[in-house]
Amino acid sequence: MGEKVAADDIGLADRERYRRKLHECLEALSRLLGEKRFDRPKNLVGLEIELNLADADGLPRMMNSQVLERIASRDFQTELARCNLEVNIAPHRLHGQVLDHLAEELRTGLAYADRKAGEVASHIVMIGILPTLHSADLTVASLSEIDRYVLLNDQMRAARGEDFALDIQGVERLVARSPSIAPEAACTSVQLHLQVTPGRFAAVWNAAQAIAAVQVAIGANSPFFFGRELWQESRPPVFQQATDTRPPELQAQGVRPRTWFGERWVDSAYELFEENVRYFPPLLPICGTQEPLAVLEHGGIPDLAELVLHNGTVYRWNRPVYAVADGVPHLRVENRVLPAGPTVADVIANTALYYGLVRALADEPRPVWTRLPFAAAAENFDAACRYGIDARLRWPRPGRGGIAEIPVVRLVRQELLPLAAAGLDAWGVEPADRDRYLGIIEQRCARRINGASWQVAAYRHAVHQGLERDAALAAMTRRYGELMQAGDPVHTWPVAWPVAEGTVPGARRPAGPR
């Protein structure tokens, strides 16, 4: 969805042409795969992080256009709401000191962006869901002033035909309705890209699906939404419900939601693109100028613009990506399960775990997805979102056969961290980098502390100090921002601090964008 689209009126003829071109794109993709036209392996990785803007009190700041104007860098872009922006780190080869290089570039970029944000009384907060957001902050008026967001909102509203319903039962229950998709903007994530060959794609995607629950459980950082304590990682249920174009009748029929985990292991990238076309009506039927089959017939490489745009409106937690660079097509797996934050060190530790595990698991002679039912992987993902670092996951018994339920912290420490280390070795990552960042994961597991557990403990500490709910969430968010800027990994963060000093009153601010 990063490409600019035109918000012109869309008619029936546009939809019919778009549907035709989608199927032509699929045929062109099939031919490209059959003719082996794709780029050779380059071990390239990419990193995107969605960010929040907050003021000195920890409350959302609707200033992304002003902040981006001051940053003046193509590495930073708008996101769905005016309290969001996104930073993109240039692709790197997964080798040597890549983890430290990614960390340094991210620290430098975020520090610069925070200084520029400070010119308009804003600060960068890297967190899965900003705890101080309330429903009044996320309305249609909060959407970024970009055509594609306005058009996407209009099309999703029209497809649903009624308000979007949010109903999440966690530690507390949240019930809310929204006439727009704006609540989706609460969910800020880390997106990890890995360029792969077509022959390698299925193994990497299946591996990423198998470990998605582990990533979420260890990296959870979104326990609060609209002032309620919900799941340890509340982004997935919020995102799914805020983008659910199905009215209740279609939900009852089992129609698939646009945000979904999937339903099976795959044998090729083509299967995922074909599923997207077969199951999901287009939301943005905007046609590019190319005729993909004609481009192929003349020896060229089509951009498959319609397929790429449609793919961006189906929110898989591990998404297939087709792109063309320097006239050569390539495939990527985009991993979207992780929340942003808490610190740069934590983000890179999560990154190291992911890239190490997908390499090791994809290389196994008897891969985990041949021993783990897909339904179990989906149930694991749900359990990880609900319980975070305290989750218990179903996983194949090593060497003995069968499936066992095991605490995620034990699974990671005993089985997955050694695999991740072996995977990073296979990529050629420096041992010092490997040990530094996987060591952060090991300590998170040993102490059973991640971003979500710290937020909950710090919030309760603030409440015990006498603050009302909103004031406690604001105090915790300010403290989070201070510790995020300091940069030490979240498992080292103290929970107790003198929250009564300098706190704002407990009354809620007036409704409306700030």
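Looking at the stretch 364-435, none of the helices (runs of 4 or more DSSP H) lying wholly inside it contains 2 or more residues that are touching a Ser or Thr at 6+ places or on another chain (Cβ under 9 Å) and open to solvent by less than 40 Å² (accessible area, probe 1.4 Å). Checking each residue in the stretch 453-481 for being closer than 18 Å to Val344 by Cβ and among the small types (Gly, Ala, Ser) picks out only Gly481.
Taking the stretch 277-299, which residues are in a helix (DSSP H, G or I) and in contact (Cβ under 8 Å) with a residue 40 or more places away in the chain?
Let us first name the residues in the stretch 277-299 that are in a helix (DSSP H, G or I), namely 277-279, 292-297.
Val277, Pro292, Leu293, Val295, Leu296 - these are the residues of the stretch 277-299 that are in a helix (DSSP H, G or I) and in contact (Cβ under 8 Å) with a residue 40 or more places away in the chain.
Per the conditions (1) open to solvent by 10 Å² or more (accessible area, probe 1.4 Å); (2) more than 30 Å from Ala111 (Cβ to Cβ); (3) among the basic types (Lys, Arg), the sole criterion not satisfied by Arg332 is (2).
Within the stretch 142-199, the set of residues being part of a strand (DSSP E or B), over 30 Å from Thr343 (Cβ atoms), aliphatic (A, V, I, L, M) and in contact with a Pro (Cβ under 8 Å, 6 or more places away or on another chain) comprises Ala176 only.
A single member of Phe201, Phe226 is touching a residue at least 40 places away in the same chain (Cβ under 8 Å) and open to solvent by less than 10 Å² (accessible area, probe 1.4 Å), and it is Phe201. Of all residues in the stretch 234-273, those satisfying the criterion of being part of a helix (DSSP H, G or I), under 19 Å from Leu26 (Cα atoms) and open to solvent by less than 50 Å² (accessible area, probe 1.4 Å) are Ala269, Glu271, Leu272, Phe273.
Out of curiosity, is Ala28 in a helix (DSSP H, G or I) and either of a type in the set (Gly, Ala, Ser) or under 29 Å from Ala349 (Cβ atoms) (or both)?
Details: in a helix (DSSP H, G or I): yes; either of a type in the set (Gly, Ala, Ser) or under 29 Å from Ala349 (Cβ atoms) (or both): yes.
Spelling it out, Ala28 is indeed in a helix (DSSP H, G or I) and either of a type in the set (Gly, Ala, Ser) or under 29 Å from Ala349 (Cβ atoms) (or both).
Table: residues versus (1) at pLDDT 95 or above; (2) more than 27 Å from Gly288 (Cβ to Cβ); (3) of a type outside the set (S, T, N, Q); (4) surrounded by fewer than 19 Cβ atoms within 10 Å (Cβ to Cβ).
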{"position": "His23", "(1), (2), (3), (4)": "yes, no, yes, yes"}
{"position": "Leu26", "(1), (2), (3), (4)": "yes, no, yes, no"}
{"position": "Lys36", "(1), (2), (3), (4)": "no, no, yes, yes"}
{"position": "Asn52", "(1), (2), (3), (4)": "yes, yes, no, no"}
{"position": "Ala72", "(1), (2), (3), (4)": "yes, yes, yes, yes"}
{"position": "Phe76", "(1), (2), (3), (4)": "yes, no, yes, no"}
{"position": "Glu86", "(1), (2), (3), (4)": "yes, no, yes, no"}
{"position": "Arg93", "(1), (2), (3), (4)": "yes, yes, yes, yes"}
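Residues in the stretch 123-166 that are open to solvent by 60 Å² or more (accessible area, probe 1.4 Å) and of a type in the set (Lys, Arg): Arg157 alone.
The values are calculated or read from the model by the stated rules, or taken from the named source; none is laboratory data. Since this is a predicted model, take the numbers as computed values, not measurements. Here the Cβ is made from the backbone with ideal geometry for all residues, glycine too, and neighbour counts use every protein chain on show. The protein model used for the area step is the full one, side chains on, heavy atoms only, and it has no ligands, DNA or RNA in it. Shrake-Rupley method; radii C 1.70, N 1.55, O 1.52, S 1.80 Å.
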